[in-house]
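Enquirer: One structure is given below, represented as structure tokens, and several questions about it will come after.
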Amino acid sequence: MDGLDGRYDVAGVDRTIRRPPNVRRRNLARSRGLAGIFAGADAVVDLAGDPDPRAEWKDVRRNNLAVTLNVLDAARRAGVRRYVFASSNHVTGGYERDEPYSAIVAGDYTGLDPDWLPLVGTNRPVRPDGAYALGKVLGEAAARWYSDAFGLSAVCLRIGTVNAENRPLQPRHFATLLTHADLLRLVEAALTADVRFTVCYGVSRNTWRFWDISNEIGYDAQDDAERYRAE
């Protein structure tokens, strides 16, 4: 999150041996050695874990779930004010098997009007589309429990498609793209909002998006993937 530098005093935690300055080396999947790792921190942005939506359950359980629970507990013990969880759009990915969403992700807009799409909001039941998504569902539930039981303020972000190219690479991305600039807006909103607990979708203001981006944190998406359509 280089875009936060200058406005926030940012420190990182990573398991990699080769790491930039101001990043401590820890394996967050192991609870040993995490005591005090967030001492003095006002907020924790949890981006850790295997990001592969095709990850198998054994890997999700051993890595992603362990990381989420360890980070939550370490943040709670350190008295952190705000926990921001990188959840995923895949927690409701099952809806993409249904019309009209299945057509949109295939790039077929025949007979569809983007202004009349039934948006998938956070009030809909979760429909995880795989083991990775199930791990994120459990992560959201854990964040809710830590908020209720321990008073840790938590914001769960159901992040859309973020890639290094910062543009759509397949038809689905015209609906699901989250640009780097909007990602920064999303995280800043999550850090500063006056909420105890909330879940919101993190996607740009794409013409064909099918997630409801109304939210409690003041996130105001600015970009639209359609600008890449003619390229």
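Enquirer: Report the full-extension gain for the segment residue 194 to residue 106: residue separation times 0.36 nm, less the Cα-Cα distance, to one decimal in nm.
Expert: Extending this stretch completely gives an extra 27.9 nm.
Enquirer: Can you tell me the 0 to 90 degree angle between the C-alpha axis of helix 66-78 and the longest principal axis of the chain, rounded to 10?
Expert: 50
Enquirer: Tell me which residues come under 5 Å, amide H to amide H, from residue 112 once H is placed; ignore anything under 5 positions away on its chain.
Expert: none
Enquirer: Also, I was wondering about something else. Let me spell out the model: positive unit charges on the Cβ of Lys and Arg, negative unit charges on the Cβ of Asp and Glu, origin at the Cα centre of the chain. What dipole size does that give, in debye rounded to 20?
Expert: Dipole magnitude for the chain comes out near 1280 debye.
Enquirer: Can you work out the Karplus-derived ³J(HN,Hα) for every residue in the range 123-136? Use 6.51 cos²θ - 1.76 cosθ + 1.60 with θ = phi - 60°, whole Hz, and x for glycine or proline.
Expert: For the range 123-136, the Karplus-derived couplings read 7, 7, x, 5, 9, x, 9, x, 5, 4, 5, 4, x, 5 Hz, x marking Gly and Pro.
Enquirer: Sequence gap at least 6, Cα distance under 8 Å: using those rules, report the relative contact order of the chain to the nearest whole percent.
Expert: 19
Enquirer: Which one, 51, 86, 69, is farthest towards the positive end of the dipole of the range 40-157 when Lys and Arg carry +1 and Asp and Glu -1 on their Cβ?
Expert: 69
Enquirer: Tell me, in nm to one decimal, what length is gained between residue 56 and residue 144 on full extension, where the rule is 0.36 nm per residue of separation less the Cα-Cα distance?
Expert: Going from the current span to full extension adds 29.2 nm.
Enquirer: Full extension from residue 42 to residue 10: what is 0.36 nm times the residue separation minus their Cα-Cα distance, to one decimal in nm?
Expert: 10.5 nm
Enquirer: Right, next: Collect residues whose amide H, placed 1.01 Å from N in the peptide plane, falls under 5 Å from the amide H of residue 197; neighbours closer than 5 in sequence don't count.
Expert: Answer set, sorted by chain and number: 154.
Enquirer: Give me the Kirkwood hydrodynamic radius of the range 37-228 in Å, from all C-alpha pairs, to one decimal place?
Expert: Kirkwood radius, the range 37-228: 17.0 Å.
Enquirer: In nm, give the distance between the simple-model label positions of residue 165 and residue 228, each being 7 Å from the Cα along the Cα-to-Cβ direction.
Expert: Between residue 165 and residue 228, the label points sit 0.6 nm apart.
Enquirer: A follow-up question, please. Return an integer: the convex hull volume of the alpha-carbon atoms of the range 102-215, in Å³ per residue.
Expert: For the range 102-215, the hull spanned by Cα atoms encloses 117 Å³ per residue.
Enquirer: Counting other beta carbons within 10 Å of each Cβ, put 88, 214, 153 in order, fewest first.
Expert: The fewest-first ordering by Cβ neighbours comes to 214, 153, 88.
Enquirer: Tell me which residues come under 5 Å, amide H to amide H, from residue 84 once H is placed; ignore anything under 5 positions away on its chain.
Expert: Distant-sequence amide H within range of residue 84: 44, 45, 46, 155.
Enquirer: Among 136, 58, which comes first, then next, by fewest other beta-carbon atoms within 10 Å?
Expert: The most exposed by this proxy come first: 58, 136.
Coordinate-derived values only; no laboratory data. Since this is a predicted model, take the numbers as computed values, not measurements. Note that each Cβ is placed from the backbone with ideal geometry, even for glycine, and that neighbours are counted across all protein chains shown.
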